[in-house]
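Worksheet for the structure shown next.
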Amino acid sequence: MKKISIVIPTYNEQENVVPLSEAIIDVLTNKLPNYDYEIIFIDNYSTDQTRILLRGLCSENPRIKAIFNCKNFGQFNSPYYGLCQSSGDCTILICADFQDPVDLIPRFVEEWENGFKIVCGIKTSSRENPIMRCLRTIYYKLIKKLSSVEQIEHFTGFGLYDRSFIDVLRNLDDPTPFLRGIVAELGPQRKEIPYEQQKRRAGKTKNNWYSLYDAAMLSFTSYTKIGLRIATFLGFICAGLSFLAALVYLVLKLIYWDRFAAGMIPMLLGSMFLGSLQLFFIGFVGEYIMSINTRMIHRPLVVEDERINFDKNNGESAD
């Protein structure tokens, strides 16, 4: 019997973990009865009642497993690590807030059985804030234009991954993995399934402007060279223009010494502009250096505090 793994990252999702597990189990038992399954919750250091509820779920159903991180390791590391801990013939990554439709699981499995190693859920519409939707669309199109490898628009990681691709993820050894880019760059032929993203069922979104910026910078520094190239080209152009302007200014000042005192003002403004441009690109280059530094330090993806129901076979406890 083939086994389906469901991986669910959580962070302060006390209102959602129980109904989500019930909804997933209902789909698996009624629509996919010929498959074994496991549900893996990986909790990113929740501070509400999420962990208490997960302990209850694990005690009631040995197929429900939990990994508790000792700290919050971010929105990318924790899901990626959860995928690598799955043991199914295929693994489905789904968010904990019901924005990813549970009803698509049978469709994913069907396409997997048809031979696709990766099945991606693509948001063709969304019930989220229209301004955020517009900004996300601009971001996806921009990164797709600038990236040196293929990128998938409106793909958040929601999808099915064959065991062979999970093995690829395990062997990457990347301390700052960007799953969406990895799927596009290294994944085999995939099937894209459109869906409408629903509103969050309960609770508050954990994304803010800083986390969205962090995600954008990770994708830019991992898959584009455009920032460094623009900095280099503009540096050459500005250096050339500055040299010409300085030369012209020197000649004019030697000829019209008394009249050229007021010329300091445009020169000062030009210097301020060039200085601000330099600061901007120094910061942008710093993002690349920070990404390199993180990879060189080579910290673990997460550090576990506890895991429940793993290696529990034939009723033997190993948590």
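List of remarks:
- Enumeration of residues in the range 159-191 that are hydrophobic (A, V, I, L, M, F, W, C) and within 13 Å of the chain's Cα centre (by Cα): Phe178, Leu179, Ile182, Val183, Ala184
- Considering the range 102-116, and only residues there that are of a type in the set (A, V, I, L, M, F, W, C) and assigned to a helix (DSSP H, G or I), the residue that is surrounded by the most Cβ atoms within 10 Å (Cβ to Cβ) turns out to be Phe108.
- Among the residues of this structure, Val149 does not count as one that is at pLDDT 95 or above and at negative phi.
- Selection from the range 1-24 of residues that are among the aliphatic types (A, V, I, L, M), crowded, with 18+ Cβ neighbours inside 10 Å and not in a strand (DSSP E or B): Val17, Leu20, Ile24
- Enumeration of residues in the range 25-34 that are part of a helix (DSSP H, G or I) and in contact (Cβ under 8 Å) with a residue 12 or more places away in the chain: Ile25, Val27, Leu28, Lys31
- Unique residue being touching a residue at least 24 places away in the same chain (Cβ under 8 Å), in a loop (DSSP other than H, G, I, E, B), assigned by TED's automatic domain parsing to the domain that holds Asn171 and of a type outside the set (Gly, Ala, Ser) when the list is Tyr45, Tyr37: Tyr45
- Whenever a residue of the range 167-185 is closer than 18 Å to Ile92 by Cα, its partners that are among the charged types (D, E, K, R) and part of a loop (DSSP other than H, G, I, E, B), lying with C-beta atoms within less than 7 angstrom and at least six residues away or across chains, give the pairs Ala184/Glu150.
- If the condition is being in contact with an Asp or Glu (Cβ under 8 Å, 6 or more places away or on another chain), buried (at least 21 other Cβ atoms within 10 Å of the Cβ) and among the hydrophobic types (A, V, I, L, M, F, W, C), then the range 25-57 contributes only Leu54.
The values are calculated or read from the model by the stated rules, or taken from the named source; none is laboratory data. Source: prediction; values computed, not measured. Counting neighbours? That spans all protein chains shown, and the Cβs are built from the backbone with ideal geometry, glycine included.
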